[in-house]
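Reviewing the structure listed below.
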Amino acid sequence: MVDESNVVNLVGALIGAIGRSLGGNFLTDWLSRKAEKQKLSKYITDKYLIQLQYLLESLYFRLYNMKERGGSSYMKHIKGNEEYYITSSLYALGSVLAYHRLLLFEGIYSQIESLYPKVGSGLLNELDEFGMSLDNIKVSLPDSNKKVKFFRYDRVLLGDVLTNEEHFYNFGS
């Protein structure tokens, strides 16, 4: 005969073991996911966001230099012409445009979105709006002083030139 108290103890021990096992598995899974999320966050920050911040700051300081410090005339005085200033300004702008496309093509915006809801899509929208605002700028060509608009595919081309390694290292030469 089977002693009922032994069965009750055995069933209780079995339920406890299963509960601890499931609880342990859930805890292990939760901690593993948290660690993966932290690892992905660090990777995206280190590989992409710090560089984007640097490029945005570089563009900001170039624009500040143009507006507040007469950068174009200073460079013309130093270099003897505006070519360096134009080339380096296009480089500062093109770098931001290129990096925006890189983040898009490599799926970084969606990864940021999965880590921090609304941040990835917000960053994507802000950089898209920045690009579209360039449609309203008319650029004077240095040789003829003719006014031209800087349209979307002009920006795409500039960004693509800077993402192509062969062109990247020869830009401005």
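Laboratory data are not the source of any read-out in this text; all were calculated from the coordinates shown. The structure presented is a predicted model; accordingly, all values stated were derived computationally and were not measured. Because the Cβ atoms are built from the backbone with ideal geometry, glycine has one as well, and the counts that use them run over all protein chains shown.
Odds and ends about this structure:
- Sparse packing (at most 10 other Cβ atoms within 10 Å of the Cβ) combined with a DSSP loop state is found for none of the chymotrypsin sites (Phe, Trp or Tyr not before Pro) in the range 101-145.
- The trypsin sites (Lys or Arg not before Pro) of the range 97-161 that meet both conditions, a loop assignment by DSSP and at most 10 other Cβ atoms within 10 Å of the site Cβ, are 118, 146.
- Efficiency of FRET from Cβ geometry, residue 38 and residue 58, R₀ 35 Å, rounded to 0.05: 0.75
- Cross-link partners of residue 138 among lysines (Cα-Cα below 26 Å; sequence separation of 8 or more within a chain): 67, 76, 79, 146, 147, 149
- Distance in nm between pseudo-label sites at residue 104 and residue 156 (7 Å out along the Cβ direction from Cα): 0.8 nm
- Projected label distance in nm at residue 82 and residue 47, using a 7 Å step from Cα toward the beta-carbon: 4.1 nm
- Computed from the C-beta positions of residue 116 and residue 163 and an R0 of 35 Å, the FRET efficiency is 0.85 to the nearest 0.05.
- Label-reachable residues, the range 120-161, where backbone N falls under 12 Å from a point 7 Å from residue 67's Cα toward its Cβ: none
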